[in-house]
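Below is one structure, written out as structure tokens; comments come after it.
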Amino acid sequence: MENPKSIIKVEELQTSFYTHKGEIKAVDGVSFDVPSGKTLGIVGESGSGKSITSLSIMRLLEDPGKIKGGKITFNGEDLLAKSESNMRTIRGNRISMIFQEPMTSLNPVFTIGDQIAESYMIHEGLSKKQALRKALGMLELVGIPSPKDRLKAYPHELSGGMRQRAMIAIALACNPELLIADEPTTALDVTIQAQILRLINGLQEELGMSMMLITHDLGVVAETCDYVAVMYAGKIVEYADVDTLFKSPKHPYTVGLLQSLPRHDIDQDELNVIKGMVPRPDDLPEGCRFAPRCPFATRLCEEKLPSLDDIDDKNQVRCWIYNDQWDGPEVNVKDDYRTAQSD
């Protein structure tokens, strides 16, 4: 299910970590594309490979991590074929990233103004004075109060919400074509989260950029994204536009995630949970990686890994239930999941 006019296309990306225990497959054959001006949400539990996917795109992996296969095409350019010096001209300029925790991402010994100005000085060749003037404009754009004062402040002098706004100012300084936001609101309280998401959405619309939003929060996905890729244990298990995914989820893992959300329209004594744990990347199941937790799993699921197939021209799903080889009873995953899990 390829989207037209994609700004970035990831094909069969494989990223592994080579340790004394051997190869650990963090991202194992992941493919997706992000349409121009749209937002793709990548969602899944911790350990699913979401952040490693984004770091692979940015070419920011540290040893012992290595991209061992696949292709990443950004506006027709092969990012994996570029030298490190070429990537430095792209990072923070044409592709920017907002990291999970601003306190560890911002440099504690430089002022906020200096850190925003650095992007302009590196990528646009501006003088320090010119760059600081533009940095002030970015602080105003992201809604930081008293921006002239904040320009001279250090990260520890700002609240969590203001630090995150400063991170957004740095990421957007050079008007990137693609913004990768990795859990951009995780460390913030709910009220500030909503403000930051509205800010990012508004700036995306104003600047016309594309975005990848990495999150474990399906509520954020529903409010923010156009398309969704659901990841589990290093693989995409479902890919669809956001309306289709929420109205008609197909993969048992996706259904489990949706059914674990709090509901306001019904009485709930307790939240539904997906039983079990995400498998360790050094101990992956032989067949479907969700099979040990799936209430519908059969011998086929345990023995063979399904491919990511088109379903109804709207969803791509990695599940044997929708394949002619399915060896279990007929099942409606969305309707039968909760009952099957309780059996």
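Just order 322-335, 243-256 by mean Cβ neighbour count inside 10 Å, highest at the front, would you? Let's see the in-between values first.
On the way: 322-335: 12.4, 243-256: 21.9.
Averaged packing, sorted descending, gives the order 243-256, 322-335.
What percentages make up the Cα-Cα pair-distance distribution of region 104-189 when the bins are 10 Å wide from 0?
Going out from 0 Å in 10 Å bins, region 104-189 shows 18, 54, 26, 2 percent.
Express in nm, to one decimal, how much length is gained between Asn75 and Glu330 on full extension, taking 0.36 nm for each residue of separation and deducting their alpha carbon distance. Mind dumping the intermediate values first?
Details: separation 255, 0.36 × 255 = 91.80 nm, distance 4.30 nm.
Full extension of this stretch gives 87.5 nm more.
Need the C-alpha centroid separation for region 1-71 versus region 268-312, integer Å.
Each part's Cα centre sits 20 Å from the other's.
For the chain, what does the convex hull of the Cα positions come to per residue, in cubic angstrom?
On the way: hull volume 52.0 nm³, N = 343.
With only Cα atoms used, the chain gives 152 Å³ per residue.
Grab the other residues whose beta carbon is less than 9 angstrom from that of Leu79, score K and R as +1, D and E as -1, and report the net.
Details: positive: Arg59, Lys71, Lys82; negative: Glu77, Asp78.
Summing Lys/Arg as +1 and Asp/Glu as -1 gives +1.
Looking at Pro285, Gly256, Gln325, which one has the Cα that reaches farthest to the positive end of the dipole of region 250-342 (charges on Cβ: Lys, Arg +1; Asp, Glu -1)?
Of Pro285, Gly256, Gln325, it is Pro285.
I'd like the Kirkwood hydrodynamic radius of region 250-342, using the inverse of the mean 1/r over distinct C-alpha pairs, in Å.
It works out to 14.3 Å.
Do any trypsin sites (Lys or Arg not before Pro) in region 86-175 lie in a loop, going by DSSP, with at most 14 other beta-carbon atoms within 10 Å of their beta carbon, and if so which?
Working: sites: Arg88, Arg91, Arg94, Lys128, Lys129, Arg133, Lys134, Lys148, Arg150, Lys152, Arg163, Arg165; in loops: Arg94, Lys152.
Within region 86-175, the qualifying trypsin sites (Lys or Arg not before Pro) (loop, at most 14 other Cβ atoms within 10 Å) are Lys152.
Under a 5 Å amide H to amide H cut-off, with H placed in plane at 1.01 Å, what residues pair with Gly69 once short-range neighbours are removed?
Gln14
Whole-Hz Karplus ³J(HN,Hα) for region 283-297, in order, using 6.51 cos²θ - 1.76 cosθ + 1.60 and θ = phi - 60°, x for Gly and Pro?
Karplus values, whole Hz, x for Gly and Pro: 8, 7, x, 5, x, 4, 6, 8, 3, x, 10, 8, x, 9, 4.
Taking θ = phi - 60°, what integer Hz values does the Karplus form 6.51 cos²θ - 1.76 cosθ + 1.60 yield along region 162-168, in sequence order, with x for Gly and Pro?
6, 4, 5, 5, 5, 4, 5
So for region 1-111, what are the equivalent ellipsoid semi-axes in whole Å, largest first, each being the square root of 5 times an eigenvalue of the Cα gyration tensor?
Numbers: eigenvalues 91, 83, 48 Å².
Calculated on Cα positions only, the semi-axes equal 21, 20, 15 Å.
Coordinate-derived values only; no laboratory data. Nothing here was measured: the structure is a model prediction, and the numbers come from that model. A quick note on method: Cβ atoms are made from the backbone with ideal geometry, for glycine too, and the neighbour counts reach across all protein chains shown.
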